[in-house]
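**Q** Please find one structure pasted underneath; my questions will follow.
None of the figures in this text is laboratory data; all of them are computed from the coordinates on show. Owing to the predicted nature of the structure, the values given are computational and were not obtained by experimental measurement. Glycine gets a Cβ as well: all are built from the backbone with ideal geometry, and neighbour counts include every protein chain shown.
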Amino acid sequence: LTSQQRSPMNSKQLQRLLIFYSAVGIFAISILVAILSIFPLYQQLKKGEERHLQSAFRTRTLAVEEFLSRAKDITAQIASRTQAKKELESYNLNPNAGNSAANLTLILTDALKETEDLAGITRLDQNNQLMAKVGLSIPNTLQKLSFQDSKNTQISHPIRLNDHSYPIVTTPILNSKK
């Protein structure tokens, strides 16, 4: 009797073991199938996100390039104003005579009002001395830099003024003799 009683007990244990191992096997196969099907989706999502980031980077790069191009154009327009050039030439010939600096300040104020892209305009004379300024002023250390050797518009690294960053765009003002 004992061996017969053990036999049903063993078959119940065997049945439980089979159910347990079957469940574990099914679970393991399910996990494996899930991983194998999710991995390609993950790779696609990752590639899609990389494309999105590259697109956003290109868009922002184009926006910065457009801003810098517009800043150069505005600077060139201000530098090429005929009346402003005449006032600068007059001032360079004789800094003590006339109201060239005051007249130039009025012209620059008008130019600053015409665009929202500028925070300030600083005009230096031929000796890199402050002649006129309107709006935000560049730091004195940057006014001392010589831009006379350059024939092209230059853009500096941004500087911090009043908790905002501003690039400095410089361009020479060439008179009729140059």
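**Q** State the extension gain, in nm to one decimal, for the chain segment bounded by A63 and F39, taking 0.36 nm per residue of separation less the distance between their alpha-carbons. Don't jump to the answer; show the numbers that get you there.
**A** Numbers: separation 24, 0.36 × 24 = 8.64 nm, distance 3.58 nm.
Length difference between fully extended and current span is 5.1 nm.
**Q** Under the rule of -39500 (n - 2.57) per DSSP H run of 4 or more residues, summed and divided by the residues of the chain, what mean residue ellipticity at 222 nm is obtained, to the nearest 500 deg cm²/dmol? Walk me through the intermediate numbers first.
**A** Working: 4 runs with 108 residues, N = 178.
Computed ellipticity for the chain at 222 nm equals -21500 deg cm²/dmol.
**Q** Report the Cα centroid-to-centroid distance between the stretch 103-126 and the stretch 40-59 in angstrom, as an integer.
**A** Cα centres, the stretch 103-126 to the stretch 40-59: 44 Å.
**Q** Now for a separate question. In the chain, how many lysine pairs have Cα atoms under 20 Å apart, counting only pairs 8 or more places apart or on different chains?
**A** Final tally of qualifying lysine pairs is 17.
**Q** To continue, here is another question. Could you point to the label whose value was computed as percent of Cα pairs over 25 Å apart for the structure here, given [x] 33; [y] 58; [z] 53?
**A** [y]
**Q** I would also like to ask the following. Work out the length of the dipole vector of the stretch 1-90 about its Cα centre, built from +1 on the beta-carbon of each Lys and Arg and -1 on the beta-carbon of each Asp and Glu, and round it to the nearest 20 debye. Display every interim value, and only then the final one.
**A** On the way: 13 positive and 7 negative charges, 85 e Å.
So the dipole magnitude of the stretch 1-90 works out to roughly 400 debye.
**Q** Can you find, among F67, S22, L88, the residue sitting farthest towards the positive end of the charge dipole of the chain, where Lys and Arg contribute +1 and Asp and Glu -1 at Cβ?
**A** Going by the charge dipole, the pick is S22.
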